[in-house]
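Any read-out appearing in this document is the output of simple, stated calculations on the displayed coordinates, not a laboratory observation. In this text the structure is predicted, and so the values were computed from the model without any measurement. Positions of Cβ are backbone-derived with ideal geometry, glycine not excepted, and every protein chain shown enters the neighbour counts.
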Amino acid sequence: MSAPSPTQVLIRSLGWWSGLRVGLRLALGGGGSPFAHLDPPEDERERLSRKQAVMAIRLYRVLLARYSAERALVVAGHVIVAGAVEHLEKNLGDLDVRAFARLEPEERLTKVEGWLASFFTATATLDEVRADRVGFTVNACALARLCAEAGHPELAPEFCKGDALFFAAQDPPVELERPHTLADGAHSCPFRLTLR
C-alpha cells in the first residue's frame with residue numbers, strides 16, 4: 001500500500017471542512033507568488049525546483065493566516081513529508097536491494113548515477129557505490145535555498161524528513177545515515193545508504 005497523498009494528509013490534519021477551506025484558498029491564489037521577486041529560472045532544473053517548492057510555501061502561508069505559527073508549521077510539515085515520499089516513490093519506485101546487489105559494479109554505478117540525475121533539486125557528488133552501501137554528498141539544495149529566498153527557512157528541514165521514511169519503508173528497509181543537512185545550516189548533506 002502506498003503512503004497517503006499530500007491532500008489526504010492535509011484533510012487528516014485539519015479535518016474535512018477546514019482542509020477543504022484551505023484547499024479552496026490555495027486554488028484561488030492564496031499564499032501569493034513566493035518567487036515573484038526572483039529572476040526567471042535560468043534552466044529546467046531551477047524551473048522544476050520552483051514548481052516543487054511553490055505549493056508547499058503557498059500552503060504554509062495560507063495556514064499562517066489561519067493558525068498559530070507552530071500549528072501551521074506542523075501541518076505544512078506533514079503535507080511536505082507526504083509530498084517528499086510521493087516524489088521519491090515516483091522517481092525511485094520500490095528499491096529492490098537484492099537485485100541491486102547482484103548487479104555488476106559498472107551497472108550499479110550507472111544505476112546510482114541515474115538516481116542522482118533524477119533529483120533536479122540537488123547537486124550531488126558520488127562518494128561510493130558497493131553492493132551493500134551507497135554514499136553521496138549533496139552540496140547544494142534548491143529547496144533549502146528557495147525556502148530561504150521566500151522568507152521561510154523553517155520549512156526547509158521538512159523536505160528532508162521524507163527521505164528517512166521512504167528508505168525505511170523499503171522491503172527490506174534501507175538504513176539512511178545523514179548526520180547533518182543543508183536545511184539545518186550545515187555545509188552539505190552526506191547520505192549513506194546501507195542496503196541490508
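Listed values, structure above:
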quantity: Under-5 Å amide H pairs with Phe191, H placed in peptide plane, nonlocal only; calculated: Phe136, Thr137, Val138
quantity: Around Val81: net Lys/Arg minus Asp/Glu count, Cβ-Cβ under 12 Å; calculated: -2
quantity: Computed lengthening from Arg178 to Gln8, 0.36 nm per intervening residue step minus Cα-Cα distance; calculated: 58.4 nm
quantity: Cβ-based net charge around Thr125, under 14 Å, with every Lys or Arg adding one and every Asp or Glu removing one; calculated: -2
quantity: Three-way shape call for the range 17-97 based on the alpha-carbon gyration tensor, with the a/c threshold at 1.5; calculated: oblate
quantity: Stretchable slack from Leu38 to Glu89, in nm (0.36 nm times residue separation minus alpha-carbon distance); calculated: 15.3 nm
quantity: Check: the range 96-176 dipole with +1 on Lys, Arg Cβ and -1 on Asp, Glu Cβ, in debye; calculated: 40
quantity: Expected 222 nm ellipticity per residue - DSSP helices of 4 or more, -39500 (n - 2.57), all of the chain, to 500; calculated: -18000 deg cm²/dmol
quantity: Residues of the range 130-157 with amide N under 13 Å of the 7 Å Cα→Cβ point at Leu64; calculated: 147-156
quantity: Value of Rg to Rh for the range 57-196 (Rh from inverse mean 1/r over Cα pairs, i.e. Kirkwood); calculated: 1.01
quantity: Potential extension, Met55-Thr123 segment - 0.36 nm per residue separation minus Cα distance; calculated: 22.3 nm
quantity: Whole-number percent relative contact order across the chain, with pairs defined as alpha carbons under 8 Å at least 6 apart; calculated: 21
